[in-house]
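Accompanying notes for the structure given below.
The values are calculated or read from the model by the stated rules, or taken from the named source; none is laboratory data. Here the structure is a predicted model, which means the values were calculated and not measured. In this analysis, Cβ positions are derived from the backbone assuming ideal geometry, glycine residues included, and neighbour counts consider all displayed protein chains.
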Amino acid sequence: MNEIGSIKKVREMLQENQFRIKKHYGQNFITDQNLLKKIVDSANIGPECGVIEVGPGFGALTQHLVGKAKKVLAFEIDKELIPLLQSQFINYPAFILIHQDILEVQIDEVIHTYLSDCKEIVVVANLPYYITTPILMRFLETSQKVSRLILMMQHEVAMRITGKPNTKDYNALSIVIQYLAKAKLLFKVPRTVFIPAPNVDSAIVHLEIKKTKELNPQLEPRFFDFVHQCFTQRRKTLMNNLKASNLGKSKEEYETSLTSLGIALDARSEQLDVVTFLALFHQLGENV
């Protein structure tokens, strides 16, 4: 197979297929073979591994995945790319292509259907910027079978996902993601390695989904809402955000809860780690 991920090859495929890049799908095609290999190496894919790829595009990343994994299950929303991908990987029986929006997919059902003979399920993808968080949450919240994700995303979002307390990047998204998974930023990707070049740089993030969670699954949406309300006004203190929320507690109840956990009454939400937020959620009765 000719290497797809190069500036020359991507331009050839665009021209030969008279392909029109669709901004509404967030299409940015990788043109750096070394980067593609680095991403796949970071995923540590074994021969018994099943890989889910979201948005394979012309198959630049896919070509490296099919050589490592037992099976590659790719979801592509752009119908114009389907025949190109089918032609490109016609001799690879381990490649399975589905023309569907990943946000409409029942993740574990398709894993059972197509990847049940794989010992581990890993997601490797270059995510469209405009729906990075919804796709990420789809996997984290709905799948019991995916073990880890290696994702390319906007650098700013990657910084938030992996943000630490007392930093400008740390926010409600940081806490929600880090409750669900162990998140690590692997490396930054310059905007110059894409066609078309986006306006911002990207980054590769590794997320290992936690096998056990601190909360009952029924309580998790309530906890996530609680966290978001604590960050409603970032410049305000945690206490002021709690008082302005619709959580239904009195000022005295909030003060008692904060004090009992050793949280200063003038503390800001970005000072609290995930464990402390969970403790505060429990302290307030889990019925906030």
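Quick check on the stretch 180-192: of everything there that is more than 14 Å from the chain's Cα centre (by Cα) and either at pLDDT 95 or above or not hydroxyl-bearing (S, T, Y) (or both), which residue is surrounded by the most Cβ atoms within 10 Å (Cβ to Cβ)?
Within the stretch 180-192, the match that is surrounded by the most Cβ atoms within 10 Å (Cβ to Cβ) is V189.
Within the stretch 42-85, the set of residues being over 21 Å from I135 (Cβ atoms) and either of a type in the set (A, V, I, L, M) or within 18 Å of the chain's Cα centre (by Cα) (or both) comprises N44, V66, L84.
If you go through the stretch 98-108 and keep only what is assigned to a helix (DSSP H, G or I) and within 17 Å of Q27 (Cβ to Cβ), you end up with I102, L103. Of all the numbered requirements in (1) within 23 Å of the chain's Cα centre (by Cα); (2) within 18 Å of A43 (Cβ to Cβ), A94 misses one, and that requirement is (1). The set of residues in the stretch 46-60 being buried (at least 23 other Cβ atoms within 10 Å of the Cβ), at pLDDT 95 or above and of a type in the set (A, V, I, L, M, F, W, C) consists of V51, I52, V54. The single residue among Q106, Q88 that is surrounded by fewer than 14 Cβ atoms within 10 Å (Cβ to Cβ) and in contact (Cβ under 8 Å) with a residue 24 or more places away in the chain turns out to be Q106. Note on the stretch 109-134: residues that are part of a strand (DSSP E or B) and either without any contact (Cβ under 8 Å) to a residue 24 or more places away in the chain or touching a Leu at 6+ places or on another chain (Cβ under 9 Å) (or both) total 6. Within the set D273, D266, D225, the sole residue that is of a type outside the set (A, V, I, L, M, F, W, C), outside the structural domain of A172 (by TED's automatic domain parsing) and farther than 20 Å from G163 by Cα turns out to be D266. Looking at the structure I just gave you, is K243 of a type outside the set (A, V, I, L, M), in contact with a helix residue (DSSP H, G or I) (Cβ under 9 Å, 6 or more places away or on another chain), at negative phi and without any contact (Cβ under 8 Å) to a residue 12 or more places away in the chain? Judged against the criteria, K243 is a match.
Scanning the stretch 38-97 for residues that are touching a Phe, Trp or Tyr at 6+ places or on another chain (Cβ under 9 Å) and part of a strand (DSSP E or B) turns up G50, I52, E53, V54, K71, V72, L73, A74, F95, I96, L97. The set of residues in the stretch 91-103 being farther than 22 Å from T132 by Cα and surrounded by fewer than 21 Cβ atoms within 10 Å (Cβ to Cβ) consists of N91, Y92, P93, A94, I96. The set of residues from the stretch 169-205 being touching a residue at least 40 places away in the same chain (Cβ under 8 Å) and part of a loop (DSSP other than H, G, I, E, B) comprises Y170, N171, P196, A197, P198, V200, D201. Restricting attention to the stretch 27-55, the residues that are farther than 18 Å from R148 by Cα and touching a Ser or Thr at 6+ places or on another chain (Cβ under 9 Å) total 4.
Any residue at all in the stretch 158-172 that's at positive phi and in the same structural domain as Y114 (by TED's automatic domain parsing)? So far as the stretch 158-172 goes, yes, one or more of its residues are at positive phi and in the same structural domain as Y114 (by TED's automatic domain parsing).
Residues are listed down the side, and each one gets a yes or a no for (1) at pLDDT 95 or above; (2) farther than 22 Å from I177 by Cβ; (3) in a loop (DSSP other than H, G, I, E, B):
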site	(1), (2), (3)
V227	yes, no, no
T232	no, no, yes
R235	no, yes, yes
K243	no, yes, no
E255	no, yes, no
L265	yes, yes, yes
E270	yes, no, no
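Restricting I195, I204, I177, I150 to residues that are in the same structural domain as A43 (by TED's automatic domain parsing), under 21 Å from I39 (Cβ atoms), touching a Phe, Trp or Tyr at 6+ places or on another chain (Cβ under 6 Å) and at pLDDT 95 or above narrows the list to I204. Reported count of residues in the stretch 22-37, each being outside any loop (DSSP other than H, G, I, E, B), surrounded by 15 or more Cβ atoms within 10 Å (Cβ to Cβ) and not aromatic (F, W, Y), is 4.
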